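Working notes, beginning with the structure itself.
The values are calculated or read from the model by the stated rules, or taken from the named source; none is laboratory data. Just so it is clear, the model here is predicted, and its values are computed rather than measured. With ideal geometry, Cβ positions are generated from the backbone for all residues, glycine too; neighbour counts draw on all protein chains shown.
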Amino acid sequence: MAEDERLRRVAEICLAMPGAVREAMGAHAGFKVKKKVFAYFLNDHHGDGIVGIWCKVLPGENAALIAANPKRFYMPAYVGPRGWVGLRLDVGRVGWGEVKELVGMSYSLVGTSCGSRRASHVKAEADSLGE
C-alpha cells in the first residue's frame with residue numbers, strides 16, 4: 001500500500017529539521033530530535049477518525065488556536081494538557097505553510113535549549129522548503 005500523501009508531506013517537513021529522525025508506528029509516525037518527540041502524524045488515533053499532526057506550542061497557545069479555529073485545531077489526547085496542539089489534515093485544504101510553522105516552533109521548543117534563538121533559524125529552514 002502506498003504511503004498517505006499527507007504523511008509523506010509531514011515527513012518531508014519534519015526531516016528537513018537538523019538531526020530529525022522518523023519513527024514509524026503503523027499508520028502513524030513520530031518525529032524526534034535528540035531522542036525527544038517534536039511532532040506526531042496520527043491517522044485515526046484510537047478510532048477518533050482524525051488525520052492530523054500534533055506539535056508542541058508555547059504555553060496557552062494551544063487553547064488560543066483551538067478557540068480561534070475549532071474546526072482545524074484540537075486538543076490532542078494525552079499531551080494536549082502539556083502544551084501540545086493538534087492540526088487536522090483531513091478537513092478542507094491543508095495549509096502546508098502553517099504545518100511548517102507549527103513543526104518549526106515545536107522543533108525549537110523540544111529540541112533546543114535556546115528555543116527563541118533557534119526559532120528564527122527553524123522558520124527560515126521551513127520556509128526554504130516552499131509551499
Next item on the list: Using the structure shown, decide if Lys36 is in contact (Cβ under 8 Å) with a residue 60 or more places away in the chain, among the charged types (D, E, K, R) and closer than 19 Å to Gly104 by Cβ.
Entry: yes
Check: Taking region 48-81 as the region of interest, how many residues are under 17 Å from Gly30 (Cα atoms) and either part of a strand (DSSP E or B) or over 12 Å from the mean Cα position of the chain (by Cα) (or both)?
Finding: 11
Check: From the residues in region 39-63 that are in contact with a Phe, Trp or Tyr (Cβ under 6 Å, 6 or more places away or on another chain) and of a type outside the set (Ser, Thr, Tyr), which one is surrounded by the fewest Cβ atoms within 10 Å (Cβ to Cβ)?
Finding: Lys56
Item checked: Count of residues meeting criterion [surrounded by 14 or more Cβ atoms within 10 Å (Cβ to Cβ) and farther than 20 Å from Arg93 by Cα] in region 1-38 -> 13
Next item on the list: Answer yes if at least one residue in region 12-27 is part of a helix (DSSP H, G or I), of a type outside the set (Asp, Glu), farther than 14 Å from Val110 by Cα and touching a helix residue (DSSP H, G or I) at 6+ places or on another chain (Cβ under 9 Å), and no otherwise.
Entry: yes
Next item on the list: Would you please name the residue that is surrounded by the fewest Cβ atoms within 10 Å (Cβ to Cβ), looking only at residues in region 79-97 that are under 18 Å from Val51 (Cβ atoms) and at pLDDT 95 or above?
Entry: Asp90
Next item on the list: Mind telling me which of the residues Ser113, Ser120 ends up being assigned to a helix (DSSP H, G or I), of a type outside the set (Val, Ile, Thr), at pLDDT below 95 and surrounded by fewer than 16 Cβ atoms within 10 Å (Cβ to Cβ)?
Entry: Ser120
